[in-house]
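Read through the structure below, which is laid out as structure tokens, and then see the notes.
The values are calculated or read from the model by the stated rules, or taken from the named source; none is laboratory data. The model shown is predicted, which means the values in this text are computed figures rather than measured ones. Cβ coordinates were reconstructed from backbone atoms using ideal geometry, including for glycine residues, and neighbour counts include every protein chain displayed. Side chains are part of the model used for accessible areas, which takes the heavy atoms of the whole protein and leaves out ligands, DNA and RNA. Shrake-Rupley method; radii C 1.70, N 1.55, O 1.52, S 1.80 Å.
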Amino acid sequence: MPSTTAIKVEHISKSYGNFRAVDDLTFEVYNGEIFAMLGPNGAGKSTTIRMILDILKPDTGSIEIFGARITDATKNRIGYLPEERGLYRGVPVLEVMTYLGTLKGLSRADARKRSLTYLERFDLMAFAKKKVSDLSKGMQQKAQLAVTLLHDPELIIIDEPFSGLDPVNTLLIEEVIKEFRAKGGAIVMSTHQMYQVEYLADRLVMINKGTQALYGKVDEVRSRYALPAVIVEGKGDWTTIPGIERTEKEDGGRGTLLFLKHGVEPDHVLAQMAQRPDVQLQRFELAVPRLNDIFIEVVEQGRNGA
Amino acid sequence: MAHMLTVFLYELKRNFRRPGFLFTTFGVPVLLFLATNVIGDLAAQNTSINSTDPEAIQEFTEQFDPTMSPNVGLVDLSGVFGEVTVPDTWQRFDTDEEARAAIAAEVIDLYYLIEADYLETGDVITVVPEFQMNAMGDSTLSSIARQYFSQGVDPDIAARIVYPAIYSEENLTLTATVDGKVNEDATFLIVYAFALTLMVTLFMTNGYLMQTLIEEKETRLVEILVSMVRPLHLLAGKILALGVLGLLQIVVWIGGMILLVNIAGGQQAQNIGEAVGALGLLANLQLPLDILPILLVYFLLSYLMFAGFYSVISAISNSMREGPQYAVVFMLPALAPFYFLSLFATTPDAPLVVFLSLFPLTAPISMTARLVVSEVPFWQIALSIGLLALTVVFAIWLAARVFRAGVLLAGNVPKLKDIPAIIRG
């Protein structure tokens, strides 16, 4: 676990009139990690992000950024890409990037220089002097991410960073995010693309109805929801293996789901299989659910009041 | 404060480059200046033909005859024009019937019928086959008549016969009636010009303010901006930038007026007056430069007042369709003085005029109009500025209460019943 904390959120709550958007939420984000913020629409993610950024004030609780209350100086160390985003449509791309860079404390010359560097990297140099309205949605998306990174922040908060991007540009942005993490930066990423969370994020918090539904390392959270089963592929009669209660075809896969009897560990089943000459094993893994399934399960539980 | 300065500089640059601003601020005065000079030159040419040279008359006829037709007939029942030299292409007819037949045969396009009692009445009928707007002019015939009547007369006296007087006006006091109608018209023109200048500048700059604010909401750029800049710093930067541009526009326009009157206000305006009566009033204008500082105070206060109200509207509007609709609430009262501008010129102390110049929403245009045409009691100016200043404080306070992240980021327009809660915070 990284030693320093980028964000420390403690028991924050926020209400709009009678509606409690965030309710006693607590979590931490560390430097050098990608932290996924998940939750259904209207769960309170945007309100939480706005409170972290000091756009909104929490009714109760406290938020620390880099170990202290947020100040104007702290804001210059943060990059923010909101979900609903845009730039001045009638202004040249380079000009609007330079302006936003100066608002982040860069000198005009430095902001312009860095903007050109990012435009080059994001393959947008040919559009530097074109109006924002001349750019496709994907191009605007990249320009906005460039604005987020322009001032070399230590923490970035990005909401749905991959929406509107083709696979090639998605890969490019993933590389940029991983690079940022490798340099020790903290990334808070809000997304509904669960597969991206699975392979990009280190830890997550899932918010449902304003409260914390899940929190921890991605693998640990998935393991928590693991079935008492293993998935196998190969040849053999799986029902004859000691400790197997029943079998099922893997949903959407080629394997077979082997449900274990109560008290039987997967290691024990694997050892049994290894001793059987009539069994040829090509794949053996824990039946860990996809994050998507966990998400749906948690949301459904929330709706049912479980 | 650093953010406010950054926003100020950017908005100043961005809005200065707007084609609409550049054209209105610099293009309109330049066009007006050019138009005045071109019209003046044309008018000078038009009114200086008093030559007795038939060739000059012929040339003049071809170039400036309002009928633009060389095929003109002349029926002189008075006998006065019997020996007058007319252009070669003109035809004389003895009777009206002969001339009518010539028109019917398309030999001539029109003819002048000089009545038998012309010397007593000056009556001349222009007969045309059908309605022709341009046939209403008679400058060719008039020139011929002047040339004829001034034969043998001293050239200077002849010139005075043609131009008995070239008027200019020295306005001893702004309220003095030197020449009843002309002075009144000139006063109205100056009132109108100042009121229009103030109104255009106020609504153009505040319109841009609203446009930039709502654009940031529409594109959702506002969320990025308020994550970096405090909403009030953002607003203050914009208000200051557009205020400076408004001030620049006022200075350019008033400077343009001064230039126009000083350079084109003399003989050129007199020339225009000969040809286009209303514009000739420029010759009579005297700009009240001593009240310019008070006008600037009114501009600044009224700009801040409307900026405050427009910011409130922008904060609760989500599109450029909604904003101007709400702005009408403030715009209509502000424009009300325009309906009574003639009253400002004729009776600047009328109770309605006094009320309009004290009521904050109507005061900027009303007091501006009054100040340029009459002396306004000091207590009225002080009360008007005081009330306006209080309204500015209220408008800015209101803007500060409403222009907050929570309202800016809201996806929908608040209902009327929600407004008090928003103001309370």
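Over chain A, what is the relative contact order in percent, taking alpha-carbon pairs closer than 8 angstrom and at least six residues apart? So the answer I get is 19 percent. Using a 1.4 Å probe over protein heavy atoms, the accessible area lost on pairing A with B, summed over both chains, comes to approximately 2400 Å². Peptide B:221-234 shows a mean partner chain C-beta count of 6 within 10 Å per residue C-beta.
Short to long, the 10 Å bins of the Cα pair-distance histogram for chain A hold 6, 23, 27, 21, 14, 7, 3, 0 percent of all pairs.
Taking a Cβ cut-off of under 13 Å around residue A:255, the surrounding Lys, Arg, Asp and Glu residues balance to a net charge of -1, with basic ones at +1 and acidic ones at -1.
Listed by chain and number, the aspartates and glutamates whose alpha-carbon sits under 16 Å from that of residue A:113, ignoring those within fewer than 8 places in the same chain, are A:95, A:123, A:152. Across peptide A:52-64, the average count of Cβ atoms from other chains found within 10 Å of a residue's Cβ is 2.
Across peptide A:96-103, the average count of Cβ atoms from other chains found within 10 Å of a residue's Cβ is 4. Exceedance of the 25 Å cut-off in Cα-Cα distance is limited, within the set A:75/A:142; A:14/A:142; A:183/A:209; B:238/B:417; A:8/A:75; A:75/A:129, to A:14/A:142; A:183/A:209; B:238/B:417; A:75/A:129.
Highest mean packing first, where packing is the average number of other Cβ atoms within 10 Å per residue, the peptides B:10-19, B:97-106 line up as B:10-19, B:97-106. The eigenvalues of the Cα gyration tensor, multiplied by 5 and square-rooted, give segment A:194-306 an equivalent ellipsoid with semi-axes of 32, 14, 12 Å from largest to smallest. The rule of thumb for compact globular proteins, 2.2 N^0.38 Å, goes into the C-alpha radius of gyration of segment A:8-155 1.17 times. In summary, the helical segments of chain A meeting the span-like criteria, namely a full DSSP H run, a Cα extent along the axis of 15 angstrom or more and a mean Kyte-Doolittle hydropathy of at least -1.0, are A:93-103, A:137-149, A:167-182, A:291-303. In terms of accessible area, using a 1.4 Å probe and ignoring ligands and nucleic acids, A:276, A:224, A:85 rank largest first as A:224, A:276, A:85.
Within segment A:166-201, the trypsin sites (Lys or Arg not before Pro) that combine a DSSP coil assignment with at most 11 other C-beta atoms in a 10 angstrom radius are A:183. The peptide list A:281-287, B:140-146, put in order of mean Cβ contacts within 10 Å with the highest first, becomes B:140-146, A:281-287. Bridge orientation summary for chain A: considering DSSP beta bridges with both residues in this region, about 70 percent are antiparallel.
A protection proxy built from the mean count of other Cβ atoms within 10 Å ranks the segments B:357-368, B:221-232, B:322-333, most packed first, as B:357-368, B:221-232, B:322-333.
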